[in-house]
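The values are calculated or read from the model by the stated rules, or taken from the named source; none is laboratory data. Just so we're clear, the structure is a prediction, and the values are computed from it rather than from any experiment. Methodologically, a virtual Cβ is constructed for each residue, glycine included, from the backbone with ideal geometry; neighbour enumeration extends over all protein chains shown. Only protein heavy atoms, including side chains, enter the accessible area calculation; ligands, DNA and RNA are left aside. Shrake-Rupley method; radii C 1.70, N 1.55, O 1.52, S 1.80 Å.
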Amino acid sequence: QVQLVESGGGLVQAGGSLRLSCAASGIIFSINAMGWYRQAPGKQRELVAVITSGGSTNYADSVKGRFTISRDNAKNTVYLQMNSPKPEDTAVYYCNAIVVGGLVPTNLEVWGQGTLVTVSS
């Protein structure tokens, strides 16, 4: 069993900053990748940022230069530092991980429940 728990969401003013955290727990042997997705009202869920086990990162064009994804392997935690957020960044942010876990090591894709980020103008 593997779970992801997000934290750090809330209300922030445009131009401020916010940091989201996502901690993976359970029977985990390795984490291949962790990332953040978001879904804004009336829109499809989209990839925000991802970081692989090798440290490679990818960002949506809309957040490049403003958001930074990072990880703490010892804590099985991924972070999303949101600098200069804009009202259009308002969305439910979901943590995602691809892990090897379980009593019998198995490739698993796991999602968090989501955390709401609201950016006020």
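If you take the residues of the range 1-21 that are among the hydrophobic types (A, V, I, L, M, F, W, C) and over 20 Å from Ala60 (Cα atoms), which of them is most open to solvent (accessible area, probe 1.4 Å)? Give the derivation first.
Start the filter on the range 1-21 by keeping residues that are among the hydrophobic types (A, V, I, L, M, F, W, C), which leaves 2, 4-5, 11-12, 14, 18, 20.
With over 20 Å from Ala60 (Cα atoms) added as a condition, the list becomes 2, 4-5, 11-12.
Working: Val2: 23, Leu4: 14, Val5: 91, Leu11: 133, Val12: 14 Å².
Ranking the qualifying residues of the range 1-21, first place goes to Leu11.
Please work out which residue is farthest from Thr90 (Cα to Cα), limiting yourself to the range 22-32 and to residues that are assigned to a strand (DSSP E or B) and open to solvent by 20 Å² or more (accessible area, probe 1.4 Å).
Of the range 22-32, the ones assigned to a strand (DSSP E or B) are 22-26, 28-32.
Now drop any that are not open to solvent by 20 Å² or more (accessible area, probe 1.4 Å), which leaves 23, 25-26, 28-32.
Values: Ala23: 22, Ser25: 27, Gly26: 30, Ile28: 32, Phe29: 34, Ser30: 32, Ile31: 28, Asn32: 28 Å.
For the range 22-32, the residue satisfying everything is Phe29.
Wholly within the range 61-121, which strands (runs of 3 or more DSSP E) include no fewer than the required count, namely at least 2 residues that are in contact with a His (Cβ under 6 Å, 6 or more places away or on another chain) and either buried (at least 17 other Cβ atoms within 10 Å of the Cβ) or among the hydroxyl-bearing types (Ser, Thr, Tyr) (or both)?
Values: elements: 67-72, 77-83, 91-101, 106-111, 115-120.
Output list is empty.
Does any residue in the range 64-84 that is at positive phi come within less than 8 Å, Cβ to Cβ, of a residue that is surrounded by 15 or more Cβ atoms within 10 Å (Cβ to Cβ) six or more places away or on a different chain, and which pairs are these?
Asn76/Ala23; Asn76/Ala24; Asn76/Ile28; Asn76/Ile31; Ser84/Arg66
Inside the range 63-83, can you point out the residues that are out of contact with any Lys or Arg (no Cβ under 9 Å at 6 or more places or on another chain), hydroxyl-bearing (Ser, Thr, Tyr) and within 21 Å of Gln13 (Cα to Cα)?
Thr68
Could you run through the range 38-48 and say how many residues are open to solvent by less than 60 Å² (accessible area, probe 1.4 Å) and either touching a Lys or Arg at 6+ places or on another chain (Cβ under 6 Å) or aromatic (Phe, Trp, Tyr) (or both)? Reasoning before the result, please.
In the first step, residues of the range 38-48 are kept if they are open to solvent by less than 60 Å² (accessible area, probe 1.4 Å); the result is 38, 40, 48.
Right, trim to either touching a Lys or Arg at 6+ places or on another chain (Cβ under 6 Å) or aromatic (Phe, Trp, Tyr) (or both) and you get 48.
Residues flagged as open to solvent by less than 60 Å² (accessible area, probe 1.4 Å) and either touching a Lys or Arg at 6+ places or on another chain (Cβ under 6 Å) or aromatic (Phe, Trp, Tyr) (or both) within the range 38-48 amount to 1.
Assess whether Thr52 counts as being touching a residue at least 24 places away in the same chain (Cβ under 8 Å) and among the polar types (S, T, N, Q). Spell out the reasoning first.
Details: touching a residue at least 24 places away in the same chain (Cβ under 8 Å): no; among the polar types (S, T, N, Q): yes.
Taking the combined requirement at face value, the residue does not satisfy it.
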